[in-house]
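> Quick one: this structure, given as structure tokens, is what I'll be asking you about.
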Amino acid sequence: MQEKTRRKSKEDKMAAVYDILIIGAGPGGVAAGYEAGQKGCSHIILEKGKRLFQGIINSYPKGKKVYPTIPKGEDKVFSVDGLMPPVERIPVGKYIKQVEAFTSLHKLNIRYQESYRNIQKSNGDFTVETEKNTYRAKKVILAFGSNIPNDLGIYGEAKTVARRLDNVSDYIGRTTLIIGGGNAAADVVAALSKEKREAGDTTHVYWGHIRKQFKINKNTARDLGEEILLGGQIKILQGAIPKIGEVDSEGIDRLYIHQSPEIQARDDVFMYQGMSFPMKNVIACVGTHGPSEIFNRLNLQQITCTGNICKIAREGEQLLLLTTGLETNRKGIYAIGGSISPSYMEVQSDGAIKEKKHPNLIYTAIKDAITVIDGIEL
Ligand SMILES: Cc1cc2nc3c(=O)[nH]c(=O)nc-3n(C[C@H](O)[C@H](O)[C@H](O)COP(=O)(O)OP(=O)(O)OC[C@H]3O[C@@H](n4cnc5c(N)ncnc54)[C@H](O)[C@@H]3O)c2cc1C
């Protein structure tokens, strides 16, 4: 009986075709969901994090005040009132509470911890796959921002983090390895150690960096030092080199990391001692990259900048090609907000292509969302 119900609910999910599917619940995605509702269109927002505005939670320093900045030459009002940061500049936590109240008032349909993997077109609709589900929609809006964490480039389920870890408690009871030598890695190490310490968990947090020196600012170093003095189980691995993954006898993907210098035993044989962690216990904080790689994967047309064409982007950079309504070359797929900042290529009404300035601001992401939804014909 239970199995039947489960099958039925999966079929229901498969059968629903949303008018608009939005990827990312930041300012752009939330504004798009709201405006879709105002227009009487069904919508779903897929957010890879655990919370609304996860991108902002992950990238703003704690307590940072949010500015309602409006770019020069734009209307002096936000396109969606309820999403405007107040002029008195409130801290980010308070702003997120304001937005949470707004989304529940307007009954936005958001699914958390759903990271999209692929978008395909079949029978006139788009099929969007996440790790957990498959969704169908008539139109897709890419609102995933600009902060895409770099991959380790090794197979397995290592987590990649841009700035802050949003599922800290999942690592309780697991010896964890954080890789990376900057502030993001240091913040994750300190946060994880604190969570474990407060839960009475004695498993270690290993922090490995390929170089001997870590590059972190004074405040981050102070927080980390405090955590160590309070009894955090942090072990530092300087000059630690991650090697290609291995699979153990139970079929678990693992990451092998070694510190000792390689000894060339003879000819082309090397020996080194190291440690091996289950890949699912590894967190990589190895920088971020722009969304160009994702656009390529989705077969969205990008134009390479040359000195004559681009003023904002540098020579050789790839810029997404969009219509004035922010539609990509794949009809029905749109891109908005941080994902197309600080500039993109616009196809103008006379067919000419020009670099278009696009400041990465909350205001701009919201305005883009309204432009797209208002221009969509279903
Ligand atoms: C430190 C800092 C301070 C800033 N201060 C201000 C300020 O005071 N005022 C201002 O106007 N602007 C400020 N900005 C800029 C502003 O935050 C951005 O312009 C805005 O967040 C862009 O909104 P967005 O919706 O396009 O992207 P984001 O806010 O980045 O939202 C994208 C969302 O998509 C999700 N996502 C990513 N990948 C996937 C995936 N594969 N599947 C599903 N979901 C995914 C992310 O988790 C995130 O929640 C600041 C930026 C930074 C970094």
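Every number in this text was worked out from the coordinates using simple rules, so none of it is lab data. The structure displayed is predicted, hence computed values, not measured ones. Heads up, the Cβs are rebuilt from the backbone with ideal geometry, glycines too, and the neighbour counts pull from every protein chain shown.
> Using Cα springs under 10 Å in a Gaussian network model of the chain, which residue among THR160, THR130, THR306 shows the largest mean-square fluctuation?
Sorting by GNM fluctuation, first place goes to THR306.
> A further question follows. Based on the alpha carbons, how large is the Rg to Rh ratio for the chain when Rh follows Kirkwood? Kindly include the intermediate steps, with their values, before the conclusion.
Numbers: Rg = 22.9 Å, Rh = 22.9 Å.
So for the chain, dividing Rg by the Kirkwood Rh gives 1.00.
> Could the peptides 240-248, 137-145 be put in order, highest first, of the mean number of other beta-carbon atoms found within 10 Å of their residues? The partial results should precede the final answer.
Details: 240-248: 15.1, 137-145: 25.9.
Going by the mean number of other Cβ atoms within 10 Å, highest first, we get 137-145, 240-248.
> Picking from LYS65, LYS280, LYS76, which is most flexible by a Gaussian network model of the chain using Cα springs under 10 Å?
Of LYS65, LYS280, LYS76, the most mobile in the Gaussian network model is LYS76.
> Can you figure out the FRET efficiency of GLU250 with GLU74, using R₀ = 56 Å and their beta-carbon distance, to the nearest 0.05?
0.45
> Something else: Show the residues, 5+ positions off or on another chain, whose built amide H is closer than 5 Å to the amide H of LYS121.
For LYS121, the qualifying residues are THR127.
> To check you understand DSSP bridge types, tell me what percent of the beta bridges within the stretch 159-288 (both residues inside) are antiparallel, rounded to 5.
Here the antiparallel bridges make up roughly 50 percent for the stretch 159-288.
> Applying a 10 Å radius around every beta-carbon, put 368-376, 220-228, 119-127 in order of their mean neighbour count, most first.
Numbers: 368-376: 21.3, 220-228: 15.8, 119-127: 13.9.
Result, highest mean first: 368-376, 220-228, 119-127.
> Once the other residues with Cβ under 13 Å from the Cβ of HIS209 are scored (Lys, Arg +1; Asp, Glu -1), what is the net sum? Please list the in-between numbers first.
On the way: positive: ARG211, LYS212, LYS215, LYS235; negative: none.
Charge balance near HIS209 sits at +4.
> Which order do the peptides 35-44, 336-345, 89-98 take when ranked by the mean count of other beta-carbon atoms within 10 Å per residue, highest first? Mind showing how you got there, number by number?
Numbers: 35-44: 18.0, 336-345: 25.0, 89-98: 15.4.
Result, highest mean first: 336-345, 35-44, 89-98.
> May I pose another question? On alpha-carbon atoms, Rg over Rh for the stretch 159-288 using Kirkwood Rh?
0.99
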